[in-house]
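Data block below; observations after.
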Amino acid sequence: MDAMTSIGTMGIWIGVFTALLFAFCLYFSLTYFEYLKDGDQRLIRQSKIFAVLTLLLALLLPAIYQVFLYNQMMNMN
């Protein structure tokens, strides 16, 4: 049962990390619009890339964890 406890704890931390990634995505999205208004092309591109990367990580990390958890549950027998 100790393995299941550590997997559950890992799930909690993935949830916290996902929430932080969503917050960073919001931050980079807002800075994207700010730089878009200013017209600085380099900062526009950087903030857009980081907004997309943080959103991608925030969505993929829980999905990968669910696949891992499903695999662990099916191999418990």
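The values are calculated or read from the model by the stated rules, or taken from the named source; none is laboratory data. Keep in mind it's a predicted model, so treat the numbers as computed, not measured. Using ideal geometry, Cβ is built from the backbone for each residue, glycine included, and neighbour counts are taken over all protein chains shown.
Some points to look at:
- Residue count for segment 30-73, restricted to those that are under 14 Å from Thr18 (Cβ atoms), polar (S, T, N, Q) and surrounded by 14 or more Cβ atoms within 10 Å (Cβ to Cβ): 1
- Conditions (1) touching a Ser or Thr at 6+ places or on another chain (Cβ under 7 Å); (2) exposed (fewer than 10 other Cβ atoms within 10 Å of the Cβ); (3) not aromatic (Phe, Trp, Tyr): number failed by Met76: (1)
- Residue in segment 14-24 that is more than 30 Å from Met73 (Cβ to Cβ) and assigned to a helix (DSSP H, G or I) present: yes
- If you go through segment 1-39 and keep only what is over 17 Å from Gln66 (Cβ atoms), of a type in the set (Ser, Thr, Tyr) and modelled with pLDDT of 95 or more, you end up with Tyr27, Ser29, Thr31, Tyr32, Tyr35.
- Residue match in segment 42-55 (condition: at pLDDT below 95 and assigned to a helix (DSSP H, G or I)): no
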